[in-house]
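Comments concern the structure below.
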Amino acid sequence: MSERLVSATIAELFFQAGKEWGSKPAFATRSPRLSHAQRDMEVDPHRCGLTQESFFQSVSYRSWCDRASDLATALIDIGVAAREHVGLLSDNRFEWILANAAIQFCGAADVPRASDITPLEMSYILHHAEVQVLFLENEGMLVKLQSIRKQLPFLKTIILMEVPSNGLPEGILTMHDLEERGRKLRSLGNRCMEKRIEEIIPEDLCTLIYTSGTTGTPKGVPITHRSLCSQIENITFHLSKEERALSILPIWHSYERIFEMLVISYGATLYYTSIRHLQNDLKRVKPTVMASAPRLWESLYERIMASVAEQHKIMQFLFHGALGSAHWVRHASAFFQGMQLDLTGRTWKESLIMRLYHMLRWSLGIIPFLILEPCVLRRLRNVVGGSFRATISGGGALPPHIDSFFNDIGIRIFEGYGLTESSPVLAVRTEKNFVLGTVGPPLPKTEIKIIDLLTGKILYPDKNRTDLGRGRSGEICARGPQIMKGYYKNPEATAGILSEGWLRTGDIGMMTFNDCLKIIGRCKETIVLRSGENVEPLPIESRLLESPLIEQCMVLGQDQKHLGALLLPSLRGFINHGVKVTSLEELLHLQEIHALLHQEVQRLISKSHGFKSFERIGCWRILPKPFEIGDELTSTYKLKRHIITDRYHHLIQEMYENHCT
């Protein structure tokens, strides 16, 4: 593995990378020399005479740094001040990282978001951050901006990455023209950019990322150079200069950004792709690493299993034989290395019995594994290009069966955990702590404590216990160099999440006896779907309760593909609807209420009521009894979500396993 670049600021890191890695390819995007049909065709480029370079056009580290220097010089020339907030609204593309580097070279901070931002969100974020200079990806984004232009008195300059086909609107600048302007200034000896880089201090703001909630106002998370540089220093996912990294997650998210900064620090090459082109680009690029989300691996798993189901029975037998023997061998090996999930601790007798058990499984599995691994499992690994080494998965919990499956076939998924507020990584699996079912150990210099949800008592680390409180669940709190100092211009929200430097994550977890962090659920209300979408349940619940047929409800779906709901039918509502019953128990046994509730859920949580596709209810179940105060409800009638989730665990599990209403 290569040595990574170490720096005090991100601007210094980028500038140093341009010098250190020089002519080495830094970023690659689809080549404009090919037609759309050629770029989209499902072919193996090597078999039809096309090279990787036929599909991708690369930019060297030196070229990227030089162009960013030119752009930064022009930005300073048009008035961008040090520590100013510069908007950056675009999807994944080379121009994004070019503009980002230029903003950093100015000593300014970027305010990023993707093209799916709504006009309402755009208006709030740009106004709240007092953005005066804004980068926009294309004409479509410009149309959105123009619809709210009067609401943005601070905004002075708009810079387009793509020139519209019908010409450039008056008063709009282009990145290309600014680059040319900066190049001329630098040729005349202008070195204002270098001075700006020297003046940046680690505590300066690097980026201001607004959390993507579905209701209320987004919260601005200020992340400093020190926080991001601490991530690069402490994340133990090592790369080499020869790595081919694939970029697929939204580039404005803190998770994808820190991965890209890691790639840059090692001098590796980053290829930009999208969900639409992922399958083909895995074949063309043959990536070795990538940052990913659980939904990607779930999709690949479903594709593999569907393909196996279509094979001859002999091939199915070989597949299951290879997978079963790999499972025995790899899990036995994990046990012998102390990397099998341990939530309770073991006595020496229990350890001896388990050692004998795994020795037997390893002995029975090793011969079929050695025979079948090359001819079966190696072929399966080709689904991600054949050269894939590892991935960091984040943005949601990895389903246990998916985690185990890919580990068994030889694709290592280093699951991690964090929040935007922690820049974002708090913990991640490592080679020495690759414990399935956990997100690995906390990063170096990161402190974790687990507190009781009701009393606030510290459950871990409890120095009065010999096990320090391992295996006890509660809210995860974290402290370290990556933790934000507070939400931007929002002291009330800050007070609710930060105390004496400790970040209350709102997640429930425990420290295992392997000293790894295990995530159990959430104690705060925001739901994060497996796709990474953040959903606030309250407005959905409020809308459902507008129905005269629904008495109580709770929306859930943490780490699932879609939202679900627990519903309590309204006895009075159904009686008024003409259903002849006299008690709730009698009502619950009627089949017709299912159809009526289904209609209500579909009617209320729909596009016509302002809900996005990922906010729809995909499945639901009827509650056997009402929520009660002092039990599932607080004295102010608020839902005790963690208690309800725990109490109806089997009902919720059955609901998602059957994927139906």
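Below is a table of values for the structure above.
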quantity	calculated
Label of the coordinate-derived value, Cα extents along the principal axes in Å, listed as (1) 85, 66, 59; (2) 83, 69, 51; (3) 65, 53, 53	(1)
Sites residue 616 and residue 190 - FRET efficiency at Förster radius 51 Å, r taken between beta-carbons, to 0.05	0.40
Spread of Cα-to-Cα distances over 10 Å intervals beginning at zero, given as percent, for segment 274-334	17, 35, 38, 10
Relative packing of 435-446, 368-379, which averages over residues the other C-beta atoms within 10 Å, highest first	435-446, 368-379
FRET efficiency, 1/(1 + (r/R0)^6) with R0 45 Å, evaluated for residue 346 and residue 594 via beta carbons	0.45
For the chain, share of DSSP beta bridges that run antiparallel, in % to the nearest 5	50
Among 461-472, 66-77, the order from most to least packed when residues are scored by Cβ within 10 Å on average	66-77, 461-472
Rg(Cα)/(2.2 N^0.38 Å) for segment 198-331, N = residue count	1.41
Accessible-area order (highest first, 1.4 angstrom probe) of the listed residues 127, 577, 277	577, 127, 277
Normalised contact order of segment 346-469, rounded percent, pairs of Cα under 8 Å and 6 or more residues apart	13
Alpha-carbon gyration tensor eigenvalues x 5, square-rooted, for segment 143-212, Å	27, 22, 10
Considering only segment 202-335, percent of DSSP beta bridges that pair antiparallel, nearest 5	45
Cα-derived Rg to Rh of segment 451-602, Kirkwood definition	1.12
Residue 536 versus residue 275: modelled label distance in nm, points set 7 Å from Cα along the beta carbon direction	2.4
Bins of 5 Å, starting at 0 and running to the largest distance - Cα pair percent for segment 112-168	4, 19, 34, 27, 11, 4, 0
Over segment 435-510, volume per residue of the alpha carbon convex hull, in Å³	114
Distance in nm between pseudo-label sites at residue 609 and residue 375 (7 Å out along the Cβ direction from Cα)	5.7
The chain, relative contact order [Cα under 8 Å, separation at least 6], %	10
Spacing of the two label points (7 Å from each Cα toward its C-beta) at residue 447 and residue 637, in nm	4.2
Highest-first arrangement of 195-206, 161-172, where packing means the average Cβ count within 10 Å	195-206, 161-172
Alpha carbon centroid spacing (whole Å) that separates segment 468-545 from segment 387-447	18
Extension gain from residue 3 to residue 151, taking 0.36 nm per residue of separation minus the Cα-Cα distance	48.5 nm
For the chain, accessible area per residue (1.4 Å probe, heavy atoms of protein chains only), Å²	45
Kirkwood-Stokes translational diffusion coefficient of segment 54-186, alpha-carbon pairs, 25 °C, 0.890 mPa s, µm²/s	164
Net charge over other residues, Cβ less than 13 angstrom from the Cβ of residue 108 (K, R count +1; D, E count -1)	-3
Sequence-distant lysines (8 or more away, or on other chains) whose Cα lies within less than 19 Å of residue 286	24, 241
Per DSSP, loop GluC sites (Glu not before Pro) in segment 561-642 with at most 13 further Cβ within 10 Å	628
Net charge, residue 410 excluded, C-beta distance under 13 Å - Lys, Arg +1, Asp, Glu -1	+4
Reachable lysines from residue 449, criterion Cα separation under 24 angstrom, eight or more residues apart if same chain	432, 457, 463, 485, 518, 524, 640
Residue 495/residue 19 FRET efficiency (R0 41 Å; Cβ-Cβ; nearest 0.05)	0.40
Length-normalised contact order of segment 402-539 in % [C-alpha pairs under 8 Å, at least 6 apart]	19
Using alpha carbons only: equivalent-ellipsoid semi-axes of segment 338-443, gyration tensor based, whole Å	27, 23, 9
Sequence-distant aspartates and glutamates (8 or more away, or on other chains) whose Cα lies within less than 20 Å of residue 349	467
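The values are calculated or read from the model by the stated rules, or taken from the named source; none is laboratory data. Not measured: the values here are computed from a predicted model. Counting neighbours? That spans all protein chains shown, and the Cβs are built from the backbone with ideal geometry, glycine included. Ligands, DNA and RNA are stripped out before the accessible areas are found, and what is left, the full protein with its side chains, is counted by its heavy atoms. Shrake-Rupley method; radii C 1.70, N 1.55, O 1.52, S 1.80 Å.
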